[in-house]
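Since the structure comes first, as C-alpha cells, the remarks are kept for the end.
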Amino acid sequence: VHHSATPRETNSNFGFNLPWWDRWFGTYRAEPAAGHENMTIGIEQFRDPRELRLDRMLVQPFREDAGAYPLGRREAAE
C-alpha cells in the first residue's frame, strides 16, 4: 500500500516490520481502496518507460519537473 499512487495510501504503512507504529500514529492501511490487484503504484511523473533508465533514475530526486513527487524539499520545511 505504501507504494500506491493515491496520496492517502502512499503516506501510510511506514513501519515495515513494526506495524504497531502505523497503528499508533494512524497511518496503517490494511488494503488499498482499489484492492491489491488493481492498485496503481509509482509516481505519476516517472511512469514513462524512458524514466526507467539508470541515468534518469539517478537524477529524479534533483529534477525541478518532479511536480508532486513527495520529496522533503527545503522550502516546505521553512
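The values are calculated or read from the model by the stated rules, or taken from the named source; none is laboratory data. Keep in mind it's a predicted model, so treat the numbers as computed, not measured. Virtual Cβ from ideal backbone geometry, glycine too; neighbours counted across all protein chains shown.
Data for the structure
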| item | result |
| --- | --- |
| Enumeration of residues in segment 42-78 that are modelled with pLDDT of 85 or more and hydrophobic (A, V, I, L, M, F, W, C) | Leu52, Leu54, Met57, Leu58, Val59 |
| Positions within segment 1-15 being under 25 Å from Gln45 (Cβ atoms) and either among the small types (Gly, Ala, Ser) or surrounded by fewer than 13 Cβ atoms within 10 Å (Cβ to Cβ) (or both), in sequence order | Ser4, Ala5, Pro7, Arg8, Ser12 |
| Selection from segment 26-66 of residues that are surrounded by 11 or more Cβ atoms within 10 Å (Cβ to Cβ) and β-branched (Val, Ile, Thr) | Thr27, Thr40, Ile41, Ile43 |
| Unique match (being out of contact with any Leu (no Cβ under 7 Å at 6 or more places or on another chain), at pLDDT 85 or above, not hydroxyl-bearing (Ser, Thr, Tyr) and not in a loop (DSSP other than H, G, I, E, B)) among Arg23, Arg8 | Arg23 |
